[in-house]
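Shown next, in structure tokens, is the structure this report addresses.
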Amino acid sequence: MSSAPGPTPDHDVGEDAEVVLSVRDLDVSFGTKRGRASVVRGIDYDLHRGETLAIVGESGSGKSVSTLALTKLIPIPPGRVTGTAHLGATDLIALSEEELVRVRGQRIGFVFQDPMTSLNPVHTIGRQLTEGMRHHLGLSEADARDRAVELLAKVGIPSPARRLDDYPHQFSGGMRQRVVIAIGLSCDPEVLIADEATTALDVTTQAQIIDLIAELQADLGMAVVWITHDLGVVAGIADRVLVMYAGEVVEQAEAVTLFARPRHPYTVGLLASLPVLGDTERGDLAAIPGLPPAPTSLPPGCGFHPRCSFRSDERCATERPPLREVAPGHLVRSFYEVPEEQSRRASAAARIEIEPPDVRDEGVA
Amino acid sequence: MSTALLEVEDLHVHFSVGRGRDRQTVRAVDGVSLRLERGQTLGLVGESGCGKTTTGLALLRLVEPTSGRVVFDGTDVRALSKRDLRAWRRRAAMIFQDPYASLDPRLPVGESIGEALDIHGLHQGKQARRDRIGHLLERCGLHPRVADRYPHEFSGGQRQRIGIARALACEPDFIVCDEPIAALDVSIQAQVMNLLNELQQDLGLAYLFIAHDLAAVQHVCDRIAVMYLGRIVEEAERLDLYREPQHPYTQALLSAIPIPDPVRERERERIRLEGDVPSPIDPPSGCRFRTRCRAVFDTCERIDPALQEVTDDHRAACLLHGEVGTPVTS
Ligand SMILES: Nc1ncnc2c1ncn2[C@@H]1O[C@H](COP(=O)(O)OP(=O)(O)O)[C@@H](O)[C@H]1O
Ligand code: SF4
Ligand SMILES: [Mg+2]
């Protein structure tokens, strides 16, 4: 079981649960005019049944590509994928395109950031929902439509039967994202990959969608890979977190541990630079200087060393640090760990001076 | 009472959409009153479509207000002639979420900044102009040499710095910052917020900071105004708003902001707001928030609540604080 305080999830997650997806040594590169760009460099993780794994990092850090590559949703060539990714007994990387078609949408569901690009504007949402179910589950048109109505109801679309023949533009942004989730779930996938699924939404709608996915996850037992740059969202939903930088996992830990005791200078820097509600400070934020590197011009040594204010010595500039287990289940790719006191000071928990207002009473406090 | 730098009273911006019989009015901004002191930052928050951008544009007359008063440092902005408006514009600038939109992709960025100088006849003469452009870039953390490069050669964060340099070109007292960090990576957001902060300290700028990220708003703003369907529903000092939100919408909005601390985040109670914001074409009668409000009671559809002072220097528009407002006629 995860050691998360607060409400314990009612599904079985963590070490004891069955591994549904096991990724080893995943490398993704692209051929470019300026040579090969290494976008993902040797990623390993296990995803357990019912678990939520968050992948965080800046744009270009390899979050999306590392998951798109699992079912070759990137153009190959110029892309190249090596390593293994076992979904149950099947190694996805070794599958042919034909075989992958049966995995995508069926065993692995996707929810992307922009519902307008994942939905086809010229087809009704009913057609887009039933297509996969007829194809993958072999349902008749009538059965698929019945199930589509059920799914739309489940994701909270009012009067779903009437909306089946509507087109995407007839829905609001939040409702469209619900439709995309319904499609992602339509074939009861073992794994749902949500890539910045709530980034374009208002926080109020985001909260609705997060609750919805958590409920469905508890019901169906699926595992979720949640890709986001929003550390607040991660804090709310993740069992475990992978922090990516320049194509590598730089830190991996249980969510509670990662936020309370981050150890990689990048993770610490990221947390320290966040404005946090309830932090009364008004001065400068502890920004990380500089920019992340382009995948075509990765620095030698540690990918983060040009921006690292923690140590960044000769060794950091020349030698690539290995991913080390510094505590049970806590992996860090750095020669130097940020000491406890400094790391705790960066955490939001230590910076919050005013507690969130109590909202249990209706109306005015 | 001191005179504020900017005073806005009952601002309306309505758009007509459709033709003939289908003609409808979008009440994008529908009675907004605001006050901003010199050198201070006022945050404007609310869900998308609630009218934040339109308010910002209307303050600078980049869209024409339908009615209301905008007084900037004693000048009635709506009364300015076309010519006077041009001169006045020097004092107020705007930066956008996507600096691409404000930079001409075919112009070297130095020229985009130069254009802003030329419009107001500032720093004329080749050398003076070039020096000024270089200085502005440097002020925003970029090397003067980058003036010759094109927008696509920069990262999002660098482009936002260029957008800021361009806004500073006319030496304004006031800048509308519309979601200036929303499109940036987390590690870059802090850099840009620090830059805005530093410029404010050094140049005495006042900002209207439009954003949906309440944590960022709380960090950079002196006061915060919460907007819903074209109206300000609450306005208070930044920590006061967080400590004791008085409007049910503000309470719901605050409870939806994720806090990057798993312990607090998982223990917290949330107010679930169901559904979407109603259309600004046909807002609900009485209180506009009543269709989503968990505290709604029968009077809410009969009185349109006025923004009133509910505690010291803290205003809210909700009938729970007294039935003050405009009765609905029909
Ligand atoms: N030129 C326009 N014509 C018609 N409607 C508009 C126009 N500009 C904005 N609106 C509408 O006005 C409302 C407020 O928009 P906006 O000010 O952009 O909100 P925000 O910045 O808070 O997201 C929205 O419903 C929007 O669609
Ligand atoms: S006036 Fe009524 S509906 Fe509006 S916010 Fe207050 S209680 Fe809710
Ligand atoms: Mg806007």
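Residue by residue, here is whether (1) touching a Phe, Trp or Tyr at 6+ places or on another chain (Cβ under 8 Å); (2) more than 12 Å from every other protein chain (Cβ to nearest Cβ); (3) within 16 Å of ligand 1 (Cβ to nearest atom); (4) at pLDDT 95 or above holds:
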| residue | (1), (2), (3), (4) |
| --- | --- |
| B:E267 | no, no, no, no |
| B:D276 | no, no, yes, no |
| B:D282 | no, yes, yes, no |
| B:C287 | no, yes, no, yes |
| B:R302 | no, yes, no, yes |
| B:Q308 | no, yes, no, yes |
| B:R315 | no, yes, no, yes |
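Of the residues that sit in the range B:317-330 and are of a type in the set (G, A, S) and within 14 Å of another protein chain (Cβ to nearest Cβ), which one is nearest to ligand 1 (Cβ to nearest atom)?
Filtering the range B:317-330 down to residues of a type in the set (G, A, S) leaves B:317, B:322, B:325, B:330.
Still in the list and also within 14 Å of another protein chain (Cβ to nearest Cβ): B:317, B:322.
On the way: B:A317: 17, B:G322: 28 Å.
Only one residue tops the list, namely B:A317.
Go through (1) surrounded by 17 or more Cβ atoms within 10 Å (Cβ to Cβ); (2) closer than 30 Å to B:D240 by Cβ; (3) within 16 Å of ligand 3 (Cβ to nearest atom) one by one and return the number of the condition B:S48 breaks.
(1)
Mind checking which residues of the range B:87-118 are within 16 Å of ligand 3 (Cβ to nearest atom) and either part of a helix (DSSP H, G or I) or within 14 Å of another protein chain (Cβ to nearest Cβ) (or both)? Lay out the reasoning, then the answer.
Within the range B:87-118, the subset within 16 Å of ligand 3 (Cβ to nearest atom) is B:94-102.
Passing the criteria: B:Q97, B:D98, B:P99, B:Y100, B:A101, B:S102.
Return yes or no: is B:D30 surrounded by fewer than 19 Cβ atoms within 10 Å (Cβ to Cβ), outside any loop (DSSP other than H, G, I, E, B) and over 14 Å from the mean Cα position of the chain (by Cα)? Don't jump to the end; show me each part of the working.
On the way: surrounded by fewer than 19 Cβ atoms within 10 Å (Cβ to Cβ): no; outside any loop (DSSP other than H, G, I, E, B): yes; over 14 Å from the mean Cα position of the chain (by Cα): yes.
Criteria not met by B:D30.
Specify the residue that is farthest from ligand 3 (Cβ to nearest atom); the eligible residues are those in the range B:184-222 that are β-branched (V, I, T) and closer than 17 Å to B:G163 by Cα.
First, pick out the residues of the range B:184-222 that are β-branched (V, I, T): B:186, B:188, B:192, B:210, B:217, B:220.
Within this subset, residues satisfying the condition of being closer than 17 Å to B:G163 by Cα are B:188, B:192, B:210.
On the way: B:I188: 20, B:V192: 17, B:I210: 7 Å.
So the residue we want is B:I188.
Among what's in the range B:46-74 and is basic (K, R) and more than 14 Å from chain A (Cβ to nearest Cβ), pick the residue that is farthest from ligand 2 (Cβ to nearest atom).
Filtering the range B:46-74 for residues that are basic (K, R) and more than 14 Å from chain A (Cβ to nearest Cβ), the one farthest from ligand 2 (Cβ to nearest atom) comes out as B:R61.
Criterion first (under 26 Å from the mean Cα position of the chain (by Cα), surrounded by 14 or more Cβ atoms within 10 Å (Cβ to Cβ) and not in a loop (DSSP other than H, G, I, E, B)) does A:S334 satisfy it? Even if it seems obvious, please write down each step before you answer.
Working: under 26 Å from the mean Cα position of the chain (by Cα): yes; surrounded by 14 or more Cβ atoms within 10 Å (Cβ to Cβ): yes; not in a loop (DSSP other than H, G, I, E, B): no.
No; evaluated as a whole, the condition is false for this residue.
Determine, yes or no, whether A:R178 is free of Cβ contacts under 8 Å to residues at least 24 places away in the same chain and among the basic types (K, R). Please lay out each step first, then the result.
Numbers: free of Cβ contacts under 8 Å to residues at least 24 places away in the same chain: no; among the basic types (K, R): yes.
Answer is no for this residue.
Among the residues of the range B:223-263, count how many are more than 16 Å from ligand 3 (Cβ to nearest atom), part of a helix (DSSP H, G or I) and not charged (D, E, K, R).
13
For the range B:289-307, how many residues meet the condition of being closer than 21 Å to B:G46 by Cα and touching a strand residue (DSSP E or B) at 6+ places or on another chain (Cβ under 6 Å)?
Here is the first cut: in the range B:289-307, the residues closer than 21 Å to B:G46 by Cα are B:289-296, B:300, B:304-307.
When the remaining residues are screened for being touching a strand residue (DSSP E or B) at 6+ places or on another chain (Cβ under 6 Å), the result is B:289, B:304-307.
Qualifying residue count, the range B:289-307: 5.
Based on this model, can you work out whether B:R90 counts as of a type in the set (D, E, K, R), more than 16 Å from ligand 1 (Cβ to nearest atom), farther than 30 Å from A:S172 by Cβ and touching a Cys at 6+ places or on another chain (Cβ under 7 Å)? So that I can check it myself, show each step before the final result.
On the way: of a type in the set (D, E, K, R): yes; more than 16 Å from ligand 1 (Cβ to nearest atom): yes; farther than 30 Å from A:S172 by Cβ: yes; touching a Cys at 6+ places or on another chain (Cβ under 7 Å): yes.
In short, yes.
Sort out which residues of the range A:275-289 are under 25 Å from the mean Cα position of the chain (by Cα) and either more than 8 Å from chain B (Cβ to nearest Cβ) or among the basic types (K, R) (or both), and write them in order of number.
Within the range A:275-289, no residue meets the criteria.
Restricting attention to the range B:103-130, and to residues there that are out of contact with any Cys (no Cβ under 8 Å at 6 or more places or on another chain), small (G, A, S) and crowded, with 17+ Cβ neighbours inside 10 Å, which single residue is farthest from B:T55 (Cα to Cα)?
Taking the range B:103-130 as the starting set, the residues that turn out to be out of contact with any Cys (no Cβ under 8 Å at 6 or more places or on another chain) are B:103-115, B:118, B:121, B:123-130.
Cutting the leftovers down to small (G, A, S) gives us B:110, B:112, B:114, B:121, B:125, B:128.
Checking which are crowded, with 17+ Cβ neighbours inside 10 Å leaves us with B:110, B:112, B:114.
Details: B:G110: 29, B:S112: 25, B:G114: 27 Å.
Checking each candidate, the answer is B:G110.
Of the residues that sit in the range A:249-262 and are buried (at least 24 other Cβ atoms within 10 Å of the Cβ) and more than 7 Å from chain B (Cβ to nearest Cβ), which one is farthest from the chain's Cα centre (by Cα)?
Here the residue is A:P262.
State the number of residues belonging to the range B:265-277 that are surrounded by 20 or more Cβ atoms within 10 Å (Cβ to Cβ) and either in contact (Cβ under 8 Å) with a residue 40 or more places away in the chain or in a helix (DSSP H, G or I) (or both).
2
Among (1) free of Cβ contacts under 8 Å to residues at least 12 places away in the same chain; (2) on the phi > 0 side of the Ramachandran plot; (3) small (G, A, S), which single condition is A:G283 missing?
With (1) free of Cβ contacts under 8 Å to residues at least 12 places away in the same chain; (2) on the phi > 0 side of the Ramachandran plot; (3) small (G, A, S) applied to A:G283, the lone miss is (2).
Residue check: is A:L220 within 24 Å of the chain's Cα centre (by Cα) and either within 10 Å of another protein chain (Cβ to nearest Cβ) or aromatic (F, W, Y) (or both)?
On the way: within 24 Å of the chain's Cα centre (by Cα): yes; either within 10 Å of another protein chain (Cβ to nearest Cβ) or aromatic (F, W, Y) (or both): no.
Considered against the rule, which asks whether it is within 24 Å of the chain's Cα centre (by Cα) and either within 10 Å of another protein chain (Cβ to nearest Cβ) or aromatic (F, W, Y) (or both), A:L220 comes out as no.
State which residue pairs qualify: first residue of a type in the set (K, R) and inside the range B:198-223, second residue part of a helix (DSSP H, G or I) in any location, beta carbons under 9 Å apart, and separation of 6 or more residues or different chains.
If the second residue must be part of a helix (DSSP H, G or I), the pairs left are B:R223/B:R238; B:R223/B:D240; B:R223/B:L241.
Identify all residues within the range A:156-178 that are away from chain B (no Cβ under 11 Å), among the aliphatic types (A, V, I, L, M) and not in a loop (DSSP other than H, G, I, E, B); write none if there are none.
Answer for the range A:156-178, where residues must be away from chain B (no Cβ under 11 Å), among the aliphatic types (A, V, I, L, M) and not in a loop (DSSP other than H, G, I, E, B): just A:A161.
Go through (1) in a strand (DSSP E or B); (2) at positive phi one by one and return the number of the condition A:G278 breaks.
It is condition (1) that A:G278 fails.
Would you pick out the residues in the range B:279-321 that are more than 10 Å from ligand 2 (Cβ to nearest atom) and β-branched (V, I, T)?
Matches in the range B:279-321: B:I281, B:V310, B:T311.
With B:V226, B:V220, B:V192 as the choices, which residue is under 15 Å from the mean Cα position of the chain (by Cα), within 11 Å of chain A (Cβ to nearest Cβ), buried (at least 23 other Cβ atoms within 10 Å of the Cβ) and of a type outside the set (S, T, N, Q)?
Values: B:V226 fails: within 11 Å of chain A (Cβ to nearest Cβ); B:V192 fails: under 15 Å from the mean Cα position of the chain (by Cα).
Selected residue: B:V220, the only one of B:V226, B:V220, B:V192 that is under 15 Å from the mean Cα position of the chain (by Cα), within 11 Å of chain A (Cβ to nearest Cβ), buried (at least 23 other Cβ atoms within 10 Å of the Cβ) and of a type outside the set (S, T, N, Q).
Residues to consider are A:H123, A:H86, A:H135; find the one that is within 28 Å of A:Q208 (Cβ to Cβ) and not β-branched (V, I, T). Can you show your working first?
On the way: A:H86 fails: within 28 Å of A:Q208 (Cβ to Cβ); A:H135 fails: within 28 Å of A:Q208 (Cβ to Cβ).
Criteria check complete, one pass: A:H123.
Grab the strands (runs of 3 or more DSSP E) fully contained in the range A:11-91, keeping just those with 3 or more residues being under 17 Å from the mean Cα position of the chain (by Cα), farther than 23 Å from A:Q113 by Cβ and more than 14 Å from chain B (Cβ to nearest Cβ).
Details: elements: A:19-32, A:35-48, A:52-56, A:79-87.
Filter on the range A:11-91 gives A:35-48.
Any residue at all in the range A:205-216 that is within 12 Å of another protein chain (Cβ to nearest Cβ) and not in a helix (DSSP H, G or I)?
No, that holds for no residue.
The values are calculated or read from the model by the stated rules, or taken from the named source; none is laboratory data. None of the values given here were measured: they were computed from a predicted structure. When we count neighbours, we look across all protein chains shown, and the Cβ atoms used for this are built from the backbone with ideal geometry, even at glycine.
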